[in-house]
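Worksheet for the structure shown next.
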Amino acid sequence: MMCSMSSPSAPPAILVFDSGLGGLTVYREVVKVRPDANFIYALDDAFFPYGRREEPVLVERVLDVMDGWLTVHRPDLVVVACNTASTLVLPQLRARFQVPFVGTVPAIKPACAGSKTKLVSVLGTEATVSREYTRALIRDFAQGCAVTLVGSQRLAELAEAALTGEPVSDDAIAAELAPCFAEADGARTDTVVLACTHYPLLLDRLQKLAPWPVNFIDPAPAIARRVTDLLGPADGGGAKATGRAVFSSGRGPGPGLGAALARFGLETGVPAGAGV
Ligand code: DGL
C-alpha cells in the first residue's frame, strides 16, 4: 500500500518514536533508505524506561504523547521504534490515528528460519518477553526451534549510559547477556534476537562478551524496507534528510547526549519547555 501524500514531490515527514535512544538503531536504517525525508526523532524520556511500566499505564501514556507529537509535527508516517510499545499499543494507535504506523516487534520468524541448531534466544525488556504478542509469535513461527525468552532489567539503561559516554563495565553487560546461551543434547544457541531497539547500540560489546559466536538479529533493516513499501523509495533528486530530536520532558539533552544525537545527524534545538 502506498500512502497518499499532500504533495507528490514533497519529501515525506517521518516521525521515529521510542522511549529513549534505542530507536536510533532503527532511525539510522530508515535514513539510509529515505535520505530525502524530514525526520523527527521523538523520545519519551520523561517516561523511560517503558520496560518497567504497567500495561494500562503505558497504553494511555503512548496514546497521549503520540497525540501531542502528531498534532505538532503532522508526519506522513510514524515508526514505533520500540518493541515494548509495539507489542502492546500498535492496535490502539492504529485505531485512534489516521497516519500509518510501522511497528518493531521481535524478529522471531527470521531468527527461527535461519537457526541451524534450532536453539534461539529472544533478548528483550522484561515487559516485551512477557507479552502475549511475543508468545504468539513463538507459537506461530518457532518452526521447531526451542526458544528461550530472556527479560533484561538493565540492558536498555546500560546502552543509554554507554552511548552518552558513561563507563559501563563488561561484567554488567555480560550478566544480562549470559542467560541467552543455552546448550542441549550437544547443541548450542546459535541465534539471539535483539528484541529491544536499545541493544544494537551495544552490538560490538555483545559480540565480544558472547561465550560463543552467535547471530545477533537486529530488525532495523527490515523495518526500513517496510517504510519504503509504504512510502516508496527516495525520489533520487538529491534532497538531503533533516533530523531533529524532540524530548517529552522538554528538558533537551546534556552535552553527552547532544553529542550522541549529533553523531546520528540529529539536531536538538528544542525551545525551552517545548515537550513536543
Ligand atoms: N527501546 C525499547 C524497546 O525496544 C525499550 C526500552 C525501555 O524499556 O524503555 O523495547
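In this structure, does Arg94 turn out to be open to solvent by 40 Å² or more (accessible area, probe 1.4 Å), closer than 24 Å to Glu54 by Cα and in a helix (DSSP H, G or I)?
Criteria met by Arg94.
Can you pull out every residue in region 42-84 that is more than 8 Å from the ligand (Cβ to nearest atom) and of a type in the set (Ser, Thr, Tyr)?
Thr71
Pick from Ala174, Ala195, Ala178, Ala182: which is within 19 Å of the chain's Cα centre (by Cα) and at pLDDT 95 or above?
The unique qualifying residue is Ala195.
Answer with yes or no whether Val102 is under 17 Å from the mean Cα position of the chain (by Cα) and surrounded by 19 or more Cβ atoms within 10 Å (Cβ to Cβ). Steps first, please.
Details: under 17 Å from the mean Cα position of the chain (by Cα): yes; surrounded by 19 or more Cβ atoms within 10 Å (Cβ to Cβ): yes.
It is true that Val102 is under 17 Å from the mean Cα position of the chain (by Cα) and surrounded by 19 or more Cβ atoms within 10 Å (Cβ to Cβ).
Show me the helices (runs of 4 or more DSSP H) found entirely inside region 111-227 where at least 1 residues are surrounded by fewer than 19 Cβ atoms within 10 Å (Cβ to Cβ) and away from the ligand (no atom under 16 Å from the Cβ). Step through it out loud before you land on a result.
Working: elements: 126-130, 132-141, 155-163, 170-177, 203-209.
In region 111-227, the matching helices (runs of 4 or more DSSP H) lie at 132-141, 170-177, 203-209.
Those residues that are among the aliphatic types (A, V, I, L, M) and either under 25 Å from Asp218 (Cα atoms) or touching a Gly at 6+ places or on another chain (Cβ under 6 Å) (or both), I need them from region 28-58; list them, please.
First, the residues of region 28-58 that are among the aliphatic types (A, V, I, L, M): 30-31, 33, 37, 40, 42-43, 46, 57-58.
Once the filter is applied, which keeps residues that are among the aliphatic types (A, V, I, L, M) and either under 25 Å from Asp218 (Cα atoms) or touching a Gly at 6+ places or on another chain (Cβ under 6 Å) (or both), region 28-58 yields Val30, Val31, Val33, Ala37, Ile40, Ala42, Leu43, Leu58.
Go through region 232-244 and count every residue that is open to solvent by less than 20 Å² (accessible area, probe 1.4 Å) and over 23 Å from Leu163 (Cβ atoms). Walk me through it before giving the result.
Keep residues of region 232-244 that are open to solvent by less than 20 Å² (accessible area, probe 1.4 Å), which gives 232, 243.
From what is left, the residues that are over 23 Å from Leu163 (Cβ atoms) are 232.
Residues in region 232-244 being open to solvent by less than 20 Å² (accessible area, probe 1.4 Å) and over 23 Å from Leu163 (Cβ atoms): 1 in total.
Please indicate, with yes or no, whether at least one residue in region 245-260 is of a type in the set (Ser, Thr, Tyr), crowded, with 19+ Cβ neighbours inside 10 Å, touching a Gly at 6+ places or on another chain (Cβ under 8 Å) and under 25 Å from Ala13 (Cα atoms).
Taking region 245-260 as the starting set, the residues that turn out to be of a type in the set (Ser, Thr, Tyr) are 248-249.
Pick out the ones that are also crowded, with 19+ Cβ neighbours inside 10 Å and you get 248.
Next cut, touching a Gly at 6+ places or on another chain (Cβ under 8 Å) only: 248.
If we keep only those that are under 25 Å from Ala13 (Cα atoms) as well, we get 248.
Yes, there is a match, as at least one residue in region 245-260 is of a type in the set (Ser, Thr, Tyr), crowded, with 19+ Cβ neighbours inside 10 Å, touching a Gly at 6+ places or on another chain (Cβ under 8 Å) and under 25 Å from Ala13 (Cα atoms).
The values are calculated or read from the model by the stated rules, or taken from the named source; none is laboratory data. This one's a predicted model, so the numbers in the text were calculated from it and none came from an experiment. Heads up, the Cβs are rebuilt from the backbone with ideal geometry, glycines too, and the neighbour counts pull from every protein chain shown. Side chains are part of the model used for accessible areas, which takes the heavy atoms of the whole protein and leaves out ligands, DNA and RNA. Shrake-Rupley method; radii C 1.70, N 1.55, O 1.52, S 1.80 Å.
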